[in-house]
Each structure stands twice: as C-alpha cells, then as structure tokens.
Amino acid sequence: MNASHINWGIIGCGDVVARKAATGIQAAPKQRIVSAMRRDQALLADFAERFQVPHTTTDPQAVIDHPEVNMVYIATPPDLHLEYARRATEAGKGVLIEKPAGRCARETAAIAELCRQHQTPGFASYYRRYQPKFQKVQQLIASGAIGPVVAVRYEFRERGQSDGWRQEPARSGGGSFYDLAGHVLDLIDLFCGPLEFLSGQALNLRAQQLTESFTQLSFRCHASDGSPAHGFASWNFAAIDKADELVIEGYRGRIRCQAMKQSGEVIVETDQTLANTWKGSPLNRARKKLRNRFRPLRRQRFAFDKPEHSHAALFTSIGEALAADESPREEYLAAAVRTAQLMDGALEQYYGGRELGFWEHPEHWHNLSGDARRRAPKASPPAYRSDVTEEQLRQFRDAGYAGPFRADVEGLASVFVPEKERKDVHLKDPQMFRLCTHPSITERVAALIGSEALSIFKTRIHTKVGETLKNQPKHAVVPWHQDVGDRNGGYDSEGQPVPTYTVWLALDDVGPEAGPLCVLPGTHTKLYGNYQLNFHAGLIESGDITEEDLEAAVPLTMKRGEFCVFHSWLLHGSAPNKTQGRRTGLNIRYVENARRGVEDYDYIDLTPWHNSAP
C-alpha cells in the first residue's frame, strides 16, 4: 500500500487514544481520522466532537469496511487484537496494534504473519523509539561515543495497580510487567539489538492479584558492530519507592536515562584515561596515566522536554514508511515479535507455559493463591487433617471451638508485626499470606468444618501492649460479641448471615494475664441481641448474656505459633493485657465456598488443585 494520505479508522477510542494517539495523528502530515468505534456512545460522541471524526459506530466491522479507511488502529485490550487484525488484513487494510500486540509471542507472530500473507503493513505502538530523547541515545551509541557496548542494565520499581483488565491474563496476556516492559525492551532492541533471551523468572507478591509482581530477565545483545554484550533488567511492582534507570555500558563510557519518561536528561559519562595514553615516551605515558587517575569522568547532559504530542513521531514514521513502501510487510512488526518473545521467556515458568490459551488454565500459574492450592498435602488422609481427633471434632461441633494446634510454619518468629493494628495483611504481605494458607492451618480448619472447598477472605493483626506502656490500643478491652453480618462474612442471596470460621494464631505467648481471647462454649448456634453492632452490641447491658453465663467463659491460652479455631458466631471477647510484654495475635477468617456471601470481599479459593476440576 503506497498511500499519499492515511485515513485512519480507530477501533477502541479509550483514554490512551484520546490523550495521546488522536493528537499524534492530527499532528502528522497527511493523516486524519475518518472513522472511530467505541461501545459507550456518549464517550464516542465526545471523542468525535473533539477530533472532528465524520463517522462513528459501535460496530468494529463498520470501521474496517469503511471505504475511506486504509489503516486501522486497533486500540482494544489485547484479547481482541488478533481477531480484528485478521479482519482488517483480509479486507486489505493496514494495521497499527496497541501494545502489547498479542497476549503472548505466538499471537504477536500470528499478526505479523497475517500482514505477510495479505501484503498489508502492520505496526506496533511502541512510540518511544521515535521520540527525540531516545533517538539521541541511538545516535550516541552509533557514533561510538561510549565505544562498543558491553552491558545493559535496567531497573524499574513502583507500587503497581491491583485491579482492572490489565491484571486479567485472559484479556491482557499478563500483569503490569507484560503491560509496560515492552516499551523498554523495544528501546534496548533499537539501541543494541536484536535481543536474544537467556533466562528469566517472575514472582507474585500480592495475593489479590493473579499476575506477576516482580520479573527479571537476562538477554544477549547482537549489536551491528558484532561486539558481544549482555543485559539484565528487572521490574518490581510491589516496591516501596520508585525507580526507572537504563544504563548502557560501553568500553569507553556509559549512557544513563529514564526509559519510561519521555522527557528528562540523557547523561553521557566517558573515561578520559583511555584516550591518548599510548602516545609518547614511556615516561610521558606514565605521567599521563598518573594525571588521569585523579581526573573525574567527563559528563555531558542532553535535556529534553516532553513532546507536545507523544505519538506524533510514531505516526510520522508510519507515514514515511508507507510512502517509501520498500520494507517487507513483516519487518515492521519484527521488533515487536522479538520483544514479545523476550517477555514470554521471562514469564514462561510463572504461567506454566505461554502457549495460545495459557490464560484458560490458572491452575498452572505460580501466584500466591495458586501455590497455596498446589502445596496442600496429597496423601489420603492428609497428615494435618488426620491429627484432628474425634474428641476435637465433637468439641468443635458442640462447643464451637477447638485447639490449640501447632502451626508448622518456618520463619514464624520473623513475621513482621506493625505498630498499629492492620487489616487484610494477607493481601499485602506474601510472607503473611503463606502463613495464613499453610496446610497445617487450612487442613485443620477444613477437617473441623467438614469441607475442602475453603476460601480466605479477611485477616487482621491484634496487638495489646503491656500495662507498663502508655497509650494502650483503643480495644484494650474487647467486649463480648459475635462476628456476623456486615464486614464479617456478609449475607447470602436470601438476606441470611453467612457463617464463617476464625483462626486465632498467637504471635506471642498468651498467658492468663495477657488478655487472652475468651469464648463462651456453645453460643455459636444462635444470634444474640444486636449482633450487627459487633463490639458495640452491649450484650451484657441489654441482658442478652448474664454474669452467670460468663462463669462458663474459657480463656484460650497459647504459646507462640499455636492457634485455635472457632465458629465466628461464638461469643468471644478479651480483657486488657496486664503483663509487661506485648500480646499479638493474627485473626484469619475462612468461609466455605458454597456459602460465600454477596458482599464484595477479595475471596481467595484455597481448595487444593488436585481435588478440583481443571
């Protein structure tokens, strides 16, 4: 296709298109938007008005079939890229695919193959490589400013987002790494490539996500001058601070810049001791070496403002490529395929493979919740379940509690205990999640309630400081109450409260003077007074329970690492800590899967994979 003018049809006019791409098209020579599609008609009308788009539709095929459209920009989530690329290329239209181009390298390669078969151009929206800042980096390397490249390293850190379609591999192909890393890998491929994957791994550090939180990979660079170079890169989306640094090391110097930031400085540092030290007599050479030893690196800084239109250079480059029409069609997407292969290599083990359809088999993924389900004992009967005695089962059924049991967890002494009470620690701390889902705990809960289909939905750390310390916590005294209803399991579809089960795990020794949890045996079979008010139910003041009832109270004293299990409707409370030490316990809440409430919790299924359908 040799187009003197490019008429764009856009499928998916979301935020990225409205903020970046549409203005880039308008800023590029001889290009315009003639058709746009979005499901939300109100937002589509606003987009059309802002960018003077003559034709709008909610049907993607109508964009492809529009007679004036010769290039289709596919800006939907990645799960739709391949299908719309197929339709567009079969119609003889070129495509620009929003990154990542596919949910895995095979989908990206399939898009490139469609362009080859139908002889239509295809591009990926890695727009940074065309911007002045990164063009400067490429020029510096090509000019020999730092000599032959010997190493590349990149580090990215931030506190990533935890929700949205970008965390759904069936739609996105992965998590935050798969969404963002392509930008940097595409730049390194431009500077030092093509790149070849060597090794990589990914980890999940947040239980509320199924996707990767930390990823690292190493690769080999194949520079045009044939110089050998290796690279290492890491992305941490569960970090406590931010970092974005790309360092390209050459034999005579290095280049440093922020790769995700379109503005800012490109810094070139060169070593002057490598210049001209070989000339002259031996005495003069020795003098030069001694003098250069104390000479600082030569540092050059090149500053760049953020481009007015971030995508303008991308669309201008596309226009120039189509006007020249010299490159084979598949070459336009070759770098995007290599980048996808690199990301797939890093994620291969985590997702149990990156074949087409890997997103349909979460039982193969190595996230925290998946690993918890895989590590459940497969012996029959499981070891931890078999040591729950008939007497304990009977006590749990009749009295509503059982224990103490021993949590057979390594590293329990190193569990971080925050100064202030903290909620849902299992979602934020991978060590805490592994503790809460350890088989020595979950298998005993499952045995006591008679169900393997179990989910964790809530955790909380409770600390009572010693009486010698000032500013005792707000709930130094915990009144008698039941954990029912709102924020405590919720209600089912018929409005009935959902029964849940609580593990109280001692993170310190809890003796009789330390304010241990106390329970009233047998009170789990009915609801008392204004139970919805929890701590504020005032059950003694209202007469719902009497002093005579309290005579039956049982204190749950435990050693560190021991836990008790009780029905959450069991009346329980605690007195102040009268010792001089800390008393900390971890409250873990479980529910049978079949009885989950309609309340919106972060339910995490702990049913063993080997006992559940694939």
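The values are calculated or read from the model by the stated rules, or taken from the named source; none is laboratory data. What you see is a predicted model, and the numbers here were worked out from it, not measured in a lab. All Cβ positions, glycine included, derive from the backbone under ideal geometry; neighbour counts span all protein chains shown.
Table: residues versus (1) exposed (fewer than 15 other Cβ atoms within 10 Å of the Cβ); (2) closer than 22 Å to residue 456 by Cα; (3) not assigned by TED's automatic domain parsing to the domain that holds residue 396.
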| position | (1), (2), (3) |
| --- | --- |
| 488 | no, yes, no |
| 505 | no, yes, no |
| 515 | no, no, no |
| 528 | no, no, no |
| 545 | no, no, no |
| 555 | no, no, no |
| 559 | yes, no, no |
| 565 | no, yes, no |
Residues that are in contact with a Gly (Cβ under 8 Å, 6 or more places away or on another chain) and over 25 Å from residue 251 (Cβ atoms), drawn from the range 207-226: 209, 210, 211, 212, 213, 215, 216
Which numbered condition residue 590 misses (of (1) modelled with pLDDT of 90 or more; (2) more than 37 Å from the chain's Cα centre (by Cα); (3) closer than 23 Å to residue 398 by Cβ): (2)
Subset tally (residues that are surrounded by fewer than 21 Cβ atoms within 10 Å (Cβ to Cβ), more than 26 Å from the chain's Cα centre (by Cα) and either closer than 17 Å to residue 374 by Cα or among the hydrophobic types (A, V, I, L, M, F, W, C) (or both)) for the range 413-448: 2
Please find, among 422, 385, 406, the residue that is at negative phi, modelled with pLDDT under 90 and in contact with an Asp or Glu (Cβ under 7 Å, 6 or more places away or on another chain). 385
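Return a yes/no flag: does the range 524-546 have any residue that is in contact with an Asp or Glu (Cβ under 6 Å, 6 or more places away or on another chain), assigned to a strand (DSSP E or B) and modelled with pLDDT of 90 or more. Spell out the reasoning first.
Pass one, the range 524-546, residues in contact with an Asp or Glu (Cβ under 6 Å, 6 or more places away or on another chain): 528-529.
From the residues that got through so far, the ones that are assigned to a strand (DSSP E or B) too are none.
Scanning the range 524-546, I find no residue that is in contact with an Asp or Glu (Cβ under 6 Å, 6 or more places away or on another chain), assigned to a strand (DSSP E or B) and modelled with pLDDT of 90 or more, so the answer is no.
Within the range 598-613, can one find any residue that is closer than 26 Å to residue 520 by Cα, of a type in the set (A, V, I, L, M, F, W, C) and surrounded by 15 or more Cβ atoms within 10 Å (Cβ to Cβ)? Working first, answer last.
Our first condition is that a residue be closer than 26 Å to residue 520 by Cα; within the range 598-613, this holds for none.
The answer is no; no qualifying residue exists.
On the basis of being touching a strand residue (DSSP E or B) at 6+ places or on another chain (Cβ under 7 Å) and assigned by TED's automatic domain parsing to the domain that holds residue 394, does residue 579 make the cut?
For residue 579, the condition - touching a strand residue (DSSP E or B) at 6+ places or on another chain (Cβ under 7 Å) and assigned by TED's automatic domain parsing to the domain that holds residue 394 - is not met.
Scan the range 48-70 and give yes if some residue there is of a type in the set (Ser, Thr, Tyr), assigned by TED's automatic domain parsing to the domain that holds residue 111, in a loop (DSSP other than H, G, I, E, B) and free of Cβ contacts under 8 Å to residues at least 40 places away in the same chain, otherwise no.
Just the residues of the range 48-70 that are of a type in the set (Ser, Thr, Tyr), to begin with: 56-58.
Among the residues that remain, those that are also assigned by TED's automatic domain parsing to the domain that holds residue 111 are: 56-58.
Remaining after also requiring in a loop (DSSP other than H, G, I, E, B): 58.
This time we only want the ones that are free of Cβ contacts under 8 Å to residues at least 40 places away in the same chain, so: 58.
Yes, because at least one residue in the range 48-70 is of a type in the set (Ser, Thr, Tyr), assigned by TED's automatic domain parsing to the domain that holds residue 111, in a loop (DSSP other than H, G, I, E, B) and free of Cβ contacts under 8 Å to residues at least 40 places away in the same chain.
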